[in-house]
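Peer 1: Dumping the structure here so I can ask a few things about it.
The values are calculated or read from the model by the stated rules, or taken from the named source; none is laboratory data. Treat the numbers as computed from the prediction; the structure is a model and nothing was measured. Here the Cβ positions follow ideal geometry from the backbone for every residue, glycine too, while neighbour counts run over all protein chains shown.
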Amino acid sequence: MKALAVAAAAAEGLGRWVLDLLLPPCCAGCGGALAATPPDGVPGCAACRNGLAEPLAHQCRRCGARLPGGRRRGRGRCAACRQLAPAVPPTAVLGPYAGRLRALVRALKYRGATAKAPLLGALLAARVRERGLRADLVVPVPGAGARVRRRGLDHAALLAQALAEALGLRCAPRALVRVRNSPPLFGLGRAARRAALLGAFRAEPALVGGRRVLLVDDVLTSGATLAACAEALGGAGARAVAAACVARRQRRCPGRGREHSGGDGLHR
């Protein structure tokens, strides 16, 4: 049996070498050529693997927001997490919704570039481990049915599956469902967003009961969607809820004190 396993591994390695020779792999992050497919099978160059995530010390310990001055002080939480009840679960975030992270999210979400998901999943897995977040189950944030059908893919489910594979966990896309569509959240303040999402999600107790759940989404804005999902999961008996998002964006509408998403339709 051991000899068969060795032979199978050798055949797999030879097959990968031949495939790389015929179809040279490219980095899913920057498009640059790779000398060979990395051992974990994720098409990412060293520069993208090491450079897409901002330093953890620059982020809020709870929500992943970039801290003023770029360094943690005291408890290392942002003003919103210090002032408000901790409705948003502890969240692992790679960095701000800008530059290459923004391009990768948009390519996956709007252009169907599914090859981006394994790289983002691997990077998120590293950030989840760095944050010390523990989970038994990975669950995507359910998208609105009409939007998922229009795009032809569920980007959150793809990210969740990639993250689950990188962490060696089970992905359960049916553990959390959206039972009603929420109105557009653009231009709404935090309280209005939470009210709009009240009762929008339902979790399956048989799947989440007694388990530590890791929610997955692409972009975090106010945290209202994650908070609503966490509430539904907790109500179904989840032991604990944490989250992982590729990027975070939170800006203020000038003169209004409201949060907005910049017009990309990314309302989380």
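Peer 1: Being among the charged types (D, E, K, R) and under 19 Å from Glu54 (Cβ atoms) is the filter here; which residues of region 107-160 pass it?
Peer 2: Those that are among the charged types (D, E, K, R) and under 19 Å from Glu54 (Cβ atoms): Lys116, Arg127, Arg129, Glu130, Arg131.
Peer 1: Just to check your reading of the model, which residue among Arg127, Arg147, Arg190 is surrounded by fewer than 21 Cβ atoms within 10 Å (Cβ to Cβ), in contact (Cβ under 8 Å) with a residue 12 or more places away in the chain and not acidic (Asp, Glu)?
Peer 2: None of the other options fit; the residue is Arg190.
Peer 1: What are the pairs, 6+ residues apart or on separate chains, where a residue within region 26-51 that is polar (S, T, N, Q) has its Cβ under 6 Å from a residue that is modelled with pLDDT under 80?
Peer 2: As it stands, the answer is Thr37/Arg16; Thr37/Asp20, since those pairs meet every condition given.
Peer 1: Kindly indicate whether any position in region 88-100 is in a loop (DSSP other than H, G, I, E, B), modelled with pLDDT under 90 and either under 21 Å from the mean Cα position of the chain (by Cα) or surrounded by fewer than 16 Cβ atoms within 10 Å (Cβ to Cβ) (or both).
Peer 2: yes
Peer 1: Here are the criteria: (1) modelled with pLDDT of 85 or more; (2) under 20 Å from Leu169 (Cβ atoms); (3) not assigned by TED's automatic domain parsing to the domain that holds Leu158. Tell me which single one Gly29 does not satisfy.
Peer 2: Here Gly29 clears every test but (2).
Peer 1: Here's another thing I want to ask about it. Condition test on Arg127, is it modelled with pLDDT under 95 and within 28 Å of Gly32 (Cβ to Cβ)?
Peer 2: no
Peer 1: Here are some conditions: (1) over 22 Å from Gly121 (Cβ atoms); (2) touching a residue at least 40 places away in the same chain (Cβ under 8 Å). Pro205 meets all but one. Which one does it not meet?
Peer 2: (2)
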